1. In percent, what relative contact order does the stretch 4-264 have, based on Cα pairs under 8 Å that are 6 or more apart in sequence?
2. At what distance in angstrom do the alpha carbon centres of the stretch 190-264 and the stretch 21-77 lie from each other?
3. Using Cα-Cα distances under 8 Å and only pairs 6 or more residues apart, what relative contact order does the stretch 1-120 have, in percent?
4. When Lys and Arg each count +1 and Asp and Glu each count -1, what net charge do the other residues less than 11 Å away from Ala11, Cβ to Cβ, add up to?
5. Once the other residues with Cβ under 13 Å from the Cβ of Asp90 are scored (Lys, Arg +1; Asp, Glu -1), what is the net sum?
6. List the residues whose amide H sits under 5 Å from the amide H of Arg171, counting only those 5 or more places along or on another chain, with H placed 1.01 Å from N in the peptide plane.
7. Students often get this wrong, so check it: of Lys107/Lys154; Lys110/Lys154; Lys71/Lys264, which have C-alpha atoms separated by over 20 Å?
8. Pop out the ³J(HN,Hα) list for the stretch 149-159 in order, Karplus 6.51 cos²θ - 1.76 cosθ + 1.60 with θ = phi - 60°, rounded to Hz; leave Gly and Pro as x.
Amino acid sequence: MQQIIDFHTHAFPEALAERAMRQLVSEAEGVVAWLDGRLSSLLASMDDNNIETSVLCSIATRPEQFEPIFKWSREIASERIVPLPSVHPDDPRAVERIGRIAEAGFKGVKMHPYYQDFCVDDPALDPLYTAMCDHNLMLTLHTGFDIAFERVEKASPRQISTVLDRFAQLRLITTHMGGWQQWDQVERYLIGRPVYMETSWSLEYLDAEQARRMLQNHPRQFILFGTDSPWTDQAASIRAVEKLNLSESLLEHLFYTNARALLKD
Ligand SMILES: [Zn+2]
C-alpha cells in the first residue's frame with residue numbers, strides 16, 4: 001500500500017480546541033470541520049487512512065503567541081507528528097526566535113500572510129527569510145487568497161516568484177498548489193521553478209485537467225501531498241489525488257518520497 005505523509009494539518013491544544021474550532025468555523029462561510037481539532041482525532045484519522053506522518057502547522061496570530069505555540073509544539077513532536085512553530089513578522093524578536101526554533105530541532109516555520117497581515121514580498125521580511133536560510137529551516141507559507149479574507153494580494157504566485165528570485169536557498173513550501181484560487185498565475189510564475197507545492201484545498205476547486213497539467217509540469221521532486229485537515233477529510237483528499245490518473249512514480253513522489261526527504265534533513 002502507498003505510504004503517505006500529509007504535509008499540511010492543524011490541531012490545537014486540548015484546552016483550546018473546542019473554542020478555536022468554533023471560532024474558525026464561524027469566521028468563513030463554506031468552512032466545515034471534519035475533525036474536532038484535537039491531536040487524538042488527527043492521529044485516529046491518520047490511522048484510518050494509512051498516513052504515517054503529518055506536518056502540523058501552527059499560526060501565531062499575535063507576537064505573544066510564539067511561546068505557547070513553541071512549548072506545545074515541543075510537547076507533541078513525535079515520529080508521527082512534525083510540528084512547525086510560528087513567528088509573527090511584527091515580533092521585534094522574530095529573527096532570534098527563528099534561531100530558537102532551529103536549535104530546538106524543528107524542521108521549519110509556518111507563516112500566514114492573511115492571519116498575520118503581511119505581504120510575502122515586503123522587504124521587511126528579508127531578515128526572517130535570511131535567518132531561515134542560515135538555519136536551514138523550511139518555510140511553509142499560506143499562498144494565494146484565503147477563504148476567510150478579502151481578496152487583496154498578499155501571497156500571490158507573482159509575489160512568491162520575487163521571493164524565490166531573492167532567496168534561492170530558501171526551502172519554501174507553498175500551500176494549496178502554489179496559491180489558492182490563483183492557479184493560472186501559478187502556472188505562469190511558479191510551475192517549473194524549484195519551489196515545493198502541496199495539494200490541500202485545491203483539487204476540490206481546480207478542474208482535473210489543470211490539476212493534472214500542473215502536477216505533471218512541475219519538477220517531480222517538488223510536489224507534496226497535503227490536506228489542511230481538519231478543514232478537509234483526509235480520506236477524500238487522498239481519493240481526489242488518486243482520481244487524477246497520475247503515474248505510479250509521480251504518486252510516490254507526491255504522497256511520500258519528497259516529504260520524507262524534506263523531513264530527514
Ligand atoms: Zn491550513
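None of the figures in this text is laboratory data; all of them are computed from the coordinates on show. Values in this document were obtained by computation on a predicted structure and should not be read as measured data. Every residue, glycine as well, gets a Cβ built from its backbone with ideal geometry; the counts of neighbours run over all protein chains shown.
1. Answer for the stretch 4-264 is 20 percent.
2. Using only Cα atoms, the two centres lie 20 Å from each other.
3. Over the stretch 1-120, the number comes to 24 percent.
4. Summing Lys/Arg as +1 and Asp/Glu as -1 gives -1.
5. -1
6. Excluding prolines and chain starts, which carry no amide H, the hits are Leu139.
7. The pairs that break the limit, which is 20 Å between Cα atoms, are Lys107/Lys154; Lys71/Lys264.
8. Karplus-based 3J(HN,Hα) across the stretch 149-159 equals 10, 4, 7, 9, 6, 10, 8, 7, x, 5, 5 Hz.
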